[in-house]
1. Suppose the filter is outside any loop (DSSP other than H, G, I, E, B), under 9 Å from the mean Cα position of the chain (by Cα) and within 11 Å of chain B (Cβ to nearest Cβ); does residue A:61 pass it?
2. Name every residue in region B:1-26 that is surrounded by 17 or more Cβ atoms within 10 Å (Cβ to Cβ) and either within 9 Å of another protein chain (Cβ to nearest Cβ) or at pLDDT below 90 (or both), in order of residue number.
3. Anything in region A:10-35 that is small (Gly, Ala, Ser) and in contact with a Lys or Arg (Cβ under 6 Å, 6 or more places away or on another chain)? List them, or say none.
4. Can you name the residue in region B:89-126 that is of a type in the set (A, V, I, L, M, F, W, C), surrounded by 10 or more Cβ atoms within 10 Å (Cβ to Cβ) and within 16 Å of residue B:145 (Cβ to Cβ) and, of all such residues, is nearest to the other protein chains (Cβ to nearest Cβ)?
5. Any residue that is within 30 Å of residue B:23 (Cβ to Cβ) and at pLDDT 85 or above - is there at least one of those in region A:8-19?
6. Of the residues that sit in region A:37-49 and are buried (at least 16 other Cβ atoms within 10 Å of the Cβ) and not in a helix (DSSP H, G or I), which one is nearest to the other protein chains (Cβ to nearest Cβ)?
7. So residue B:96 ticks every box in (1) closer than 21 Å to residue B:139 by Cα; (2) modelled with pLDDT of 85 or more but one. Which box is left unticked?
8. List the pairs whose first member sits in region A:38-51 and is within 15 Å of residue A:21 (Cα to Cα) and aliphatic (A, V, I, L, M), whose second member is crowded, with 18+ Cβ neighbours inside 10 Å and modelled with pLDDT under 85, and whose Cβ atoms are under 9 Å apart, counting only residues at least 6 apart or on separate chains?
Amino acid sequence: MRELAKVLPEGEWKMLQLPIFIQVDRRLGRGTARVTGKTEVKVVSHFLNKRGRNDELELIIYRPEVAVLRRKLPTTTQYLFLGA
Amino acid sequence: MKTMSGVAPTRMELLRLKKRVALARKGHELLKEKMDALVMEFVEILRKIGRTKRRAFELLSVAHRSLSKCLASMGTVETEQASRETRKELQVDLSTRFVMGVSVPTVEIKSVERDPLGRGYSVHTTSSLLDEASRDFERAFEVLVQLAELEEAARAVGRELEKTKRRVNALEYILIPRLEETIKFIVLRLDEMERENFVRMKRIKLMLERRAEEAGG
C-alpha cells in the first residue's frame, strides 16, 4: 500500500479501486491479460516500467509481465477470469 | 450399422451436444488459463521458499555457533537448566488469505525477539552468551515460521494445481473427444436416415407410377 501511495498523487488515491483486477480473457488469447481503469493502468504501467501509457483506460499485459506484477503487488492484485 | 447406446440420433440432440462441446471448450480454455496462473504462483512461492530457507540456514548456523560458545562458557547442565526455565509460549495470529481462490494459512507473530528479562531464566546466574544464543535462535525462529507458512502455501497451491490439471486433462482427453464422437455418430446417423428416406420416396414414387400405368393400360 505504501508503494502504491508513492506512485499516485494524493488526489488520486480515492480513484484507485483495489484489488486491481488482472483480467484473463480467453478472447485475447492464451497468456494475455488486461487491466482497465485510468488510475489502475497508471499504477500497473509504473510497476512494469511501461512509459507513455499514463492516460490509457486499458492496458494489455503478457504472461511474464503478469508474473512481475503479481510479484510486486501480491495482495493488491487479483486474477479475474472472463469466459464470455 | 454403428450404434451408440443411450443416444437419440435427432437434430435436437445434435444441437444440445454442440452446445455442450462449445461450453466444454470454453471451460477447458479457462481452466488452462487458471493452470498457467497457478503455475506462476507456485513458482513464485518456491522462489520465496528458496530465499527463506537460505536465510533460515544462515540464522540457524549463527544461532548454533552462539549456542556452542554458551555451552563452552556456561556448561551443558546450566544451559539446559536455563532452557527449562525459559518461557515457551509464543503468541501467533493465524488467519487465511486467498491465492487464486486457494485458502492459504497466514501466521503473524507479534515479536519473537524478547529482552533477557522477558525470557524467564535468571539473568544473575547466566552468562550474556546465553542471551546472545537465545536472541539468535529467536531470530531464526521467526524465519522458520515464515518458512512453514510458505511451505504450507506451496502445498495448498500444488494441490489445487493438481486438481486443475486433472480437470483440464479430463476435458481434453475424455469429455470433449467423447462428445465429438457422439456428434459424429449423430451426423452420420442423420445422413443415413436421410438417404433411407430418399430411397423410400423414390420407391413409393415408382410404385405409384406403376399403379397408374396398370390402371391406364
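The values are calculated or read from the model by the stated rules, or taken from the named source; none is laboratory data. Everything quoted here is computed from the prediction, not taken from an experiment. For neighbour counting, all protein chains shown are included, and Cβ atoms are generated from backbone atoms with ideal geometry for every residue, glycine included.
1. On the way: outside any loop (DSSP other than H, G, I, E, B): yes; under 9 Å from the mean Cα position of the chain (by Cα): yes; within 11 Å of chain B (Cβ to nearest Cβ): no.
Answer is no for this residue.
2. Hit for region B:1-26 is B:9, nothing else.
3. A:31
4. It comes out as B:104.
5. Within region A:8-19, the first condition is being within 30 Å of residue B:23 (Cβ to Cβ), and the residues that meet it are A:19.
So of that shortlist, the ones also at pLDDT 85 or above come out as A:19.
Yes: one or more hits.
6. Selected residue: A:48.
7. Residue B:96 satisfies every listed condition except (1).
8. Close Cβ pairs satisfying both conditions: A:43/A:16.
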